[in-house]
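Report on one structure; see the data block that follows.
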Amino acid sequence: MKKLLVLLTLCFSLLGANAQTLPPSNMDVFDGCGLDGTAKGASLKKLNQLKNRYTVPSASKLNHSITLAALLVPGNDTKRWSSTSAAEVTGYVFEVQPGGPETVNCGKKDPVHADTHIDLVLTPTAISGSQRVIVEVTPRMRAILRANGTDWSTTTLRKKILHKWIKVRGWMLFDTQHPNAAENTNPGGAKNWRATAWEIHPITRLQVVPAPAH
């Protein structure tokens, strides 16, 4: 992966913390875990490489047609967006929780090396799993922000953003491991816990914002 883009762009991180110390310019290997993680097959390796991106998307990569409401539009959305695009969406934080051990993070279970899953919904009353869009903080981005004086640990994020409105920016990703758990690709599934398999993953920008005016 190419070296990080100029990391002064990370000054737009949570609560406006200012960048002070630059992290390593190359994080292809993070604490012994490469971009492929422990994946064996080609398709899972490709997915893990996308999840482990650590560059900040340029403004030209932003697809301004992608909003939380657009992500929630019903219908098979497998090809609706592109993983080469970035997006910025605003939503209400229904839940913040750590991810479990995955091949992308080499099966590590500790909080530093696990993703943070943030469930976004359109309104505080949208409580069904099939109404949620998942956006994720990754260990590499967490380390970059930590080096710049901002704490994106799951514990801190839960304290700061749970049940608040936030705006997030990052890379689009279709998580090919979860179409059977998403309403748009498995309509009516009894165990659906998300609206779509599309995510913003990794998040590269996160800020608390006022509730939208109605």
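No lab work stands behind these numbers, since they all come straight from the coordinates. These numbers come from a predicted model, not from an experiment. All Cβ positions, even for glycine, are placed from backbone atoms using ideal geometry, and neighbour counts span all protein chains on display.
Each residue, Lys61 and His163, gets one label point 7 Å from its Cα in the Cβ direction; the gap between the two is 3.5 nm. The distance linking region 102-120 with region 142-214 is 13 Å (Cα centroid to Cα centroid, whole angstrom).
Given +1 at the Cβ of Lys and Arg, -1 at the Cβ of Asp and Glu and no other charges, the dipole of the chain around its Cα centre is 260 debye to the nearest 20. Listed by chain and number, the lysines whose C-alpha is less than 20 Å from the C-alpha of Lys159, apart from same-chain residues fewer than 8 away, are Lys167. In the chain, if the dipole is taken from +1 on Lys/Arg beta carbons and -1 on Asp/Glu beta carbons about the Cα centre, which of Leu145, Val168, Val135 is farthest to the positive end? Farthest towards the positive pole: Leu145.
Putting +1 on Lys and Arg Cβ atoms and -1 on Asp and Glu Cβ atoms, find which of Leu157, Thr196, Val104 reaches farthest to the positive end of the dipole of region 92-214. About the Cα centre, the residue reaching furthest to the positive side is Leu157. Local charge for Lys108 was computed over the other residues whose Cβ lies under 11 Å away, with Lys and Arg +1 and Asp and Glu -1, and equals -3. The calculated FRET efficiency for the pair Ala42 and Ser153, based on their C-beta separation and a Förster distance of 30 Å, comes to about 0.35.
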